[in-house]
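Since the structure comes first, as structure tokens, the remarks are kept for the end.
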């Protein structure tokens with residue numbers, strides 16, 4: 001269950017990082033000097049989105065397990 005959640009979290013977290021970096025590079029006027037630099041932003045987004053993706057994947061697997069045990 002945990003292995004599936006760990007594998008599940010990789011795709012969304014990489015997608016969020018790529019999307020946010022592309023968005024930031026195409027819209028530089030929206031970001032001023034208070035935002036972190038791109039390498040720091042990549043690390044922050046990757047860590048946060050991986051943790052959230054892992055928790056969502058774990059929740060999905062837990063619900064599947066509960067539904068299968070109820071049948």
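Pairs under 7 Å by beta carbon, first residue touching a residue at least 40 places away in the same chain (Cβ under 8 Å) in the range 9-20, partner surrounded by fewer than 17 Cβ atoms within 10 Å (Cβ to Cβ), six or more apart or different chains?
Going by the 7 Å Cβ cut-off, the qualifying pairs are 13/46.
Being part of a helix (DSSP H, G or I) and in contact (Cβ under 8 Å) with a residue 60 or more places away in the chain, is that true of even one residue in the range 49-63? Full working, then the answer.
Step one: list which residues in the range 49-63 are part of a helix (DSSP H, G or I), which gives 49-63.
So of that shortlist, the ones also in contact (Cβ under 8 Å) with a residue 60 or more places away in the chain come out as 61-62.
Taking every residue of the range 49-63 in turn, at least one turns out to be part of a helix (DSSP H, G or I) and in contact (Cβ under 8 Å) with a residue 60 or more places away in the chain.
The numbers here are math on the coordinates, done by the rules we state, and not lab data. Bear in mind the structure is a predicted one, so any value in this text is a computation, not a measurement. We place every Cβ from the backbone using ideal geometry, glycine too, and count neighbours over all the protein chains shown.
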